[in-house]
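K.L.:
Please read through the structure below; I'll follow up with questions.
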Amino acid sequence: MAAVLKRYGAPAAVALLVLIVAGTMLAGWQRYNRDYVVTVEEDGSAVTQLIAEQFAGASSLKVSEFSGTVQSTAQDVRGFGWLKSDQVVKMPFSVDYFIDVSHIGPDDLEWNEKTRTLIVNAPDVKPARPNVDEAARTLVRTTGMFVTRQAAEELSRRTSAHAQGRADKEARSPERMAQARDYGRAALGKLLGAPLGAMGYGDARVIVTFPPERANSNKEQWDVTTPINEVLENKRQAR
């Protein structure tokens, strides 16, 4: 701040301070809105939906993790329709994505000596079961004229099931799967970098494909490649 005062004067320093404070307040408000404010439809009813998410890459295979906050709602009706109760909860969740590298064999690895490119025809990325952290709920709102213990237990069960289903659906959405595959490409490239370097191909390029991408590709474009087991055998004989 002293440097800013010296170089630009007091007005610039004040403006910078205002921007910093405003940014901090905005970030705090966004977190509060995500964790504690109920999201409603135009008619005022709360809905089960994804509130916020963050997609983060990982270096192992577990290749990535998707995390966020889910809002879940449920309703219970008892007493011949006289006793109605509703519950809204917000809680964090996370989903891990994996590539089963044990399914990658010699027939799935192809080498193009001319371009020094390794093509990896990998199995698809698989999301694990979402981990919904009910112990870390940031909001629980139960309404009703009289909520029995049985009704409360049923509401809790339903909101939990709805949250699990919503998180799983989002984790398997085309957008999230595409992001996970991108992280999977990076993870496999890093995994194969060491053995390629040991073979003298430290500058080699690794191209990773997944089943949805190969389904619409022209297989003939890969016919210039050589199976990786032949590459290894040729390398061994050349020594």
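The values are calculated or read from the model by the stated rules, or taken from the named source; none is laboratory data. Note that the structure is predicted; figures quoted are calculated from it, not measured. Cβ: placed from backbone, ideal geometry, glycine included. Neighbour counts: every protein chain shown.
K.L.:
What number of residues within the range 166-203 are over 21 Å from Ser64 (Cβ atoms) and either free of Cβ contacts under 8 Å to residues at least 60 places away in the same chain or outside the structural domain of Lys84 (by TED's automatic domain parsing) (or both)?
P.N.:
Residues that pass the stated criteria total 6.
K.L.:
For the condition buried (at least 17 other Cβ atoms within 10 Å of the Cβ) and under 27 Å from Phe210 (Cβ atoms), what is the one hit in Arg116, Arg158, Arg185?
P.N.:
The conditions single out Arg185.
K.L.:
Please go through (1) over 24 Å from Glu175 (Cα atoms); (2) at pLDDT below 80; (3) not hydrophobic (A, V, I, L, M, F, W, C) for Arg34 and return the number of the only condition it doesn't satisfy.
P.N.:
For Arg34, the exception is condition (1).
K.L.:
State the number of residues belonging to the range 101-134 that are touching a helix residue (DSSP H, G or I) at 6+ places or on another chain (Cβ under 9 Å), among the acidic types (Asp, Glu) and under 30 Å from Thr159 (Cα atoms).
P.N.:
1
K.L.:
Of all helices (runs of 4 or more DSSP H) completely enclosed by the range 146-221, which ones contain at least 3 residues that are modelled with pLDDT of 90 or more and of a type in the set (A, V, I, L, M, F, W, C)?
P.N.:
Counting at least 3 such residues, we get 149-171, 174-198.
K.L.:
Consider only pairs whose beta carbons are under 7 Å apart and that are at least six residues apart or on different chains; among these, list those whose first residue lies in the range 136-149 and is within 12 Å of Ala74 (Cβ to Cβ) and whose second residue is aliphatic (A, V, I, L, M) and in a loop (DSSP other than H, G, I, E, B).
P.N.:
Arg141/Val38
K.L.:
Any residue at all in the range 94-103 that is over 24 Å from Ala163 (Cα atoms), crowded, with 16+ Cβ neighbours inside 10 Å, at pLDDT 70 or above and in contact with a strand residue (DSSP E or B) (Cβ under 8 Å, 6 or more places away or on another chain)?
P.N.:
yes
K.L.:
For the structure I just gave you, tell me whether Thr143 is closer than 24 Å to Trp82 by Cβ, assigned by TED's automatic domain parsing to the domain that holds Ser102 and at pLDDT 90 or above.
P.N.:
Answer is no for this residue.
K.L.:
For the range 111-145, enumerate the residues that are among the acidic types (Asp, Glu) and not in a loop (DSSP other than H, G, I, E, B).
P.N.:
The one that is among the acidic types (Asp, Glu) and not in a loop (DSSP other than H, G, I, E, B): Glu134.
K.L.:
Does Ser160 satisfy the criteria of being out of contact with any Gly (no Cβ under 6 Å at 6 or more places or on another chain), within 25 Å of Thr142 (Cβ to Cβ) and either of a type in the set (D, E, K, R) or assigned by TED's automatic domain parsing to the domain that holds Ile207 (or both)?
P.N.:
yes
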